[in-house]
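As structure tokens, the structure follows; a few thoughts come after it.
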Amino acid sequence: MRLIKVSDEEELSRMAAEYVFSKIKRSERIVLGLATGRTPLGMYRHLSKYSKEYKLLFSHVHTVNLDEYVGSRAYHAYMQENFFDHIGIPSNQTHLPDGEALELERECKRYEEVIKQLGGIDLQVLGIGENGHIGFNEPGTDFSSRTHVVELTESTLSANAKYFTHEKQPLKAITMGIGTILESKEILLLAAGVKKANAVKELFRGSLNENIPATVLNHHPSVTVIADVGARSLLEEES
Ligand code: F6R
């Protein structure tokens, strides 16, 4: 696992955007796995800016998001507003789980099939939960899980409550499974702020622990972590 050390969230956003943009520029076709939440917001802002500056439409880019809340389109709206509206990507090339699907189990299978039909994920961008979740795979999730419905934990609900001022916060979500995420060819994990310090410390301990889902990344051959000072604070105390 490679660690890129940055000082703050702004540098993290720039680094992450440069990393992803260089892959997009160099490829004729690319499938990006994307995350929502606070951490990648700056990355999306920079990528949108680069797309305009370099006059590069993202017409050869396909995207698959990690997750969506059940009964909600909150992450569809987030992606549209913060990224898709700015980069000239055809709408049929962007994919998120449908949290409003009537048959959720069938939707999970459909989503797995979408990823398979695209030929798998070339680069998966991940954030990390305070409890070490990746996607919405909460502590205790089977490392071989595929796309499934999850009940969100108290920790995740309280970390994300601030986004639900206009709508009741859903208690469930559809998420790519850990097994699904692990099949990505390459992974870029972004961690910012002291609240992530414990999860980042556990990640770099190197051992696998189902109670800290991100530790499974120690099993993946190509992972890059970009972490700011806050997220690295406990890591550096140890070394
Ligand atoms: C979001 C996702 C989550 C977040 C994580 C960190 O699509 O899959 O795993 O990446 O909860 O969220 P922030 O960045 O808001 O701290």
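Considered as a group, the residues in the range 50-70 that are surrounded by 17 or more Cβ atoms within 10 Å (Cβ to Cβ) and of a type in the set (Asp, Glu) include one that is nearest to residue 147 (Cα to Cα), and that residue is 67.
Among the listed residues 82, 92, identify the single one that is surrounded by fewer than 21 Cβ atoms within 10 Å (Cβ to Cβ) and within 14 Å of the ligand (Cβ to nearest atom).
Just a single option satisfies the conditions, and that option is 82.
Among the residues making up the range 95-113, those that are open to solvent by less than 30 Å² (accessible area, probe 1.4 Å) and part of a loop (DSSP other than H, G, I, E, B) are 96, 97, 99, 101.
The set of residues in the range 114-124 being within 16 Å of the chain's Cα centre (by Cα) and surrounded by fewer than 24 Cβ atoms within 10 Å (Cβ to Cβ) consists of 115, 120, 122, 123. Among residues of the range 45-61 that are more than 20 Å from residue 81 (Cβ to Cβ), those with a Cβ under 8 angstrom from a residue that is open to solvent by 90 Å² or more (accessible area, probe 1.4 Å) and part of a helix (DSSP H, G or I), sequence gap 6+ or separate chain, pair up as 54/25; 56/25.
The values are calculated or read from the model by the stated rules, or taken from the named source; none is laboratory data. Just so you know, these numbers come straight off a predicted model, no measurement behind them. Positions of Cβ are generated from backbone atoms using ideal geometry, with glycine treated the same way; all protein chains shown enter the neighbour counts. The accessibility values were calculated without ligands, DNA or RNA, using every heavy atom of the protein model including side chains. Shrake-Rupley method; radii C 1.70, N 1.55, O 1.52, S 1.80 Å.
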